[in-house]
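The values are calculated or read from the model by the stated rules, or taken from the named source; none is laboratory data. Values in this document were obtained by computation on a predicted structure and should not be read as measured data. Every residue, glycine as well, gets a Cβ built from its backbone with ideal geometry; the counts of neighbours run over all protein chains shown. Remember, those area values only see protein heavy atoms, side chains included, never the ligands or the DNA or RNA. Shrake-Rupley method; radii C 1.70, N 1.55, O 1.52, S 1.80 Å.
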Amino acid sequence: MTKFFQFTYLGEGVSARARLLEKEAPKTAQTLWDLAPFDGQAGHAIFSGTSCALYTDPTIVIPMEHATTQIQTGDLMFTHYDEMERHGYPEPLSEIYWAYDRYCRPTMPGAMLPVYPNVFGRFESGFEDFFAASQRIRYDGRKKITITKVEE
């Protein structure tokens, strides 16, 4: 069976699915699968270019695996920051985020250093409306989102 996360912007009824990369990022995919579903306010990852994020439970800590700064449109990523690690942001943070266009370069706020996210999933098709809604977050503000599990 193949595992997917279904992303839905509730106010817009726009959805897309990302296939989890279980072979490439087994710890990340399994940990987040076990903890799903997720919901909250998706926001623009303003320091990192063309990506949006959902902050999750900051106690979720996953070791680096299948990590890169060379992000492609459609990559699904996870990053954790420890407390006091980012200038101006003293709290710990864990986030699931996705690249909706080609100009995504995960960057640590304050230090402006590259971040090496775990790439643990991939949007493969039928994501155009979801990515367009993600892009509008820069202008419209946060959007209510749910991330649920789908298995096929």
### Query
Across the chain, how large is the tail of the calculated P(r) beyond 27 Å, expressed as a percent of all Cα pairs?
13
### Query
So what's the back-of-envelope 222 nm ellipticity for the chain, counting only DSSP H runs of four-plus at -39500 (n - 2.57) apiece and dividing by all residues, rounded to 500?
-4500 deg cm²/dmol
### Query
For the pair Leu35 and Thr148, how long in nm is the line joining their label points, each one 7 Å along Cα→Cβ?
2.1
### Query
At a 1.4 Å probe radius, carbon and sulfur cover how many percent of the accessible area of the range 53-116?
54
## Note on the structure
Taking a probe of 1.4 Å and leaving out DNA, RNA and ligands, the chain shows per residue an accessible area in Å² of 51
